[in-house]
Amino acid sequence: MPATANKQRKLRRQRRVRAKILGSSKKPRLCVFRSNKHIYVQLIDDVQKKTILSASDQKLKKGKTVKVDSAKEIGRMIAKAALEKKIEKVIFDRGPYKYHGRVKAVAEGAREGGLKF
């Protein structure tokens with residue numbers, strides 16, 4: 001079954017972004033996955049093909065929250081955990097998503113938490 005135009009655009013964008021970045025143990029890739037309900041963030045070492053850290057908004061306390069606010073909090077959480085592991089610099093991987101909304105909020109939260117892109 002052929003992919004729709006939106007899926008093709010999304011795949012093209014993802015390939016274009018991933019072709020330019022590679023994470024290492026000193027400067028891992030901060031990868032963002034966004035679903036309709038949740039947002040997930042990982043620090044990935046592409047050289048060893050291992051996930052160093054991960055966080056999601058499912059770990060936050062439940063209740064009525066705005067998705068953008070919870071995404072910003074996830075960015076702060078992953079930054080705090082990364083600094084504890086002595087990781088200060090990362091490469092931001094937005095994946096197939098535009099740098100807007102929740103993806104942008106994760107990046108801003110990580111910068112506020114002390115990570116450098």
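The values are calculated or read from the model by the stated rules, or taken from the named source; none is laboratory data. Since we're looking at a predicted model, the values are computed, not measured. Every residue, glycine as well, gets a Cβ built from its backbone with ideal geometry; the counts of neighbours run over all protein chains shown.
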Per the filter on the range 54-90, residues among the aliphatic types (A, V, I, L, M) and surrounded by fewer than 18 Cβ atoms within 10 Å (Cβ to Cβ) are Leu60, Val66, Val68, Ala81, Leu83
Sole residue being farther than 15 Å from Arg34 by Cα, hydrophobic (A, V, I, L, M, F, W, C), touching a Gly at 6+ places or on another chain (Cβ under 8 Å) and without any contact (Cβ under 8 Å) to a residue 60 or more places away in the chain, chosen from Ala79, Ala110, Ala71, Ala105: Ala79
Which of the residues belonging to the range 59-83 are in a helix (DSSP H, G or I) and at pLDDT below 90? Lys59
Kindly indicate whether Leu43 is assigned to a loop (DSSP other than H, G, I, E, B) and either hydrophobic (A, V, I, L, M, F, W, C) or in contact (Cβ under 8 Å) with a residue 60 or more places away in the chain (or both). no
Restricting attention to the range 95-109, which residues are in contact with a Leu (Cβ under 9 Å, 6 or more places away or on another chain) and at pLDDT below 95? Pro96
For the range 100-112, which positions are of a type outside the set (Lys, Arg), surrounded by 12 or more Cβ atoms within 10 Å (Cβ to Cβ) and under 13 Å from the mean Cα position of the chain (by Cα)? Gly101, Val103, Ala105, Val106, Ala107, Glu108, Gly109, Ala110
